[in-house]
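Working notes, structure below.
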Amino acid sequence: MSIIEQAVKRLDQLKNAGGDGLAEDGPLGAAVERQPAAAAKPVVAPASPAVARVPAKTVHIDLARLAARGLVTPDQPRSAIAEEFRLIKRPLLGNAVQEGQAAVDNGNLIMISSALPGEGKTFNAINLAISMAMELDYTVLLVDADVSRPSVLRELDLPPQAGLMDVLAGEVSDLSEVLLKTNIDKLTLLPAGMPHQRATELLASDAMEQLLGQIAHRYADRIIVFDSPPLLVTTESRVLATHMGQVVLVVEAERTTHAQVNQALAAIEPCPIRMMVLNKSRQRSVGGYYGYGYGYGQGQEHNPEAA
């Protein structure tokens, strides 16, 4: 039965019932029924479904445990180690916010690495990130980019989580799903995620370029610290260094040779800013308070201070 036939049939029914609720023509000339004014009800649009928001995941870092192990903690801002990392972070923060002709491309992307394993790069990366988060004007994202041997979460006594590799491999669609907020104000963690056999290619991919752009420029006050693999035993760190504005090379006192240091420096030559930290020194350094020396280099300059 067509629409017109249905309308005519309804019209006949209303007439037979003596209905006086007929009104003007409706679509296609068919009569439509008009409700009395008293019975009219407002039309309420259906409510839009609520958008479910996944709350940011928060993890708790045991500050007392960190302090007992000699790391920087915000509740002990005048400790020996906190004073030392104030010296080390200052030029890094200065480079990160430079403007005009002195501006450093990607200056807020800071990679912490070493020539060899075991020189203390993760220790320095965690301390720098916490120390920077204690500043009034910055937020800090600590990225565990040592994708073959991730150790940031382990050092912070936190369980393994999905992270960087999962995002680059397309197994996690949104970076926010793997970011971990911490109980240290203004410090967020990005874990390494699951190991991947094509880690080097993923770090060199367009996806990594886009990810770095997202995390570097989404917040103007954000500093991103990368705990990188050692430079002389993996290729991932050399690829990662090409994206960085600053690299800190951690050198173990009385262990790493000059040849190894020079080889590591050559691997990060494209990076505009290169800084060196002398770690595990038994002597008080000229450039530091409590056994850490630091040197600062830009372009072709490399001037490590002896500790």
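The values are calculated or read from the model by the stated rules, or taken from the named source; none is laboratory data. As the structure is a computational prediction, the values presented were derived from the model and not from experiment. Note: ideal-geometry Cβ built from the backbone for every residue, glycine included; neighbour counts use all protein chains shown.
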Across region 69-78, the tally of residues that are under 21 Å from residue 281 (Cα atoms) and modelled with pLDDT of 95 or more stands at 2
Taking region 67-97 and the residues there that are part of a loop (DSSP other than H, G, I, E, B) and under 21 Å from the mean Cα position of the chain (by Cα), the one that is surrounded by the most Cβ atoms within 10 Å (Cβ to Cβ) would be 72
If we ask which residues in region 239-262 are part of a helix (DSSP H, G or I) and in contact with a Ser or Thr (Cβ under 9 Å, 6 or more places away or on another chain), their number turns out to be 3
Quick one: is residue 169 in contact with a His (Cβ under 9 Å, 6 or more places away or on another chain), surrounded by fewer than 19 Cβ atoms within 10 Å (Cβ to Cβ) and more than 14 Å from residue 226 (Cβ to Cβ)?
yes
Selection from region 150-196 of residues farther than 15 Å from residue 125 by Cα and among the charged types (D, E, K, R) yields 157, 166, 171, 174, 177, 181, 185, 186
Filtering region 63-99 down to residues that are closer than 17 Å to residue 123 by Cα, free of Cβ contacts under 8 Å to residues at least 40 places away in the same chain and of a type in the set (A, V, I, L, M) yields 64, 67, 68
Scanning region 250-297 for residues that are at pLDDT below 50, in contact with a strand residue (DSSP E or B) (Cβ under 8 Å, 6 or more places away or on another chain) and surrounded by 16 or more Cβ atoms within 10 Å (Cβ to Cβ) gives 285, 287, 288, 292, 293, 294, 295, 296, 297
Among 237, 228, 173, the single one that is more than 17 Å from the chain's Cα centre (by Cα) and assigned by TED's automatic domain parsing to the domain that holds residue 88 is 237
The correct count of residues that are in contact with a Ser or Thr (Cβ under 8 Å, 6 or more places away or on another chain) and without any contact (Cβ under 8 Å) to a residue 40 or more places away in the chain in region 162-203 is 1
Item checked: Flag for residue 277 being of a type in the set (A, V, I, L, M), in the same structural domain as residue 98 (by TED's automatic domain parsing) and part of a strand (DSSP E or B) -> yes
Condition first: buried (at least 22 other Cβ atoms within 10 Å of the Cβ), modelled with pLDDT of 95 or more, under 24 Å from residue 263 (Cβ atoms) and of a type in the set (Val, Ile, Thr). Can you find one or more residues in region 123-134 that meet it? no
### Task
Look at residue 115 and say whether it is under 22 Å from residue 230 (Cβ atoms), crowded, with 16+ Cβ neighbours inside 10 Å and more than 15 Å from the chain's Cα centre (by Cα).
yes
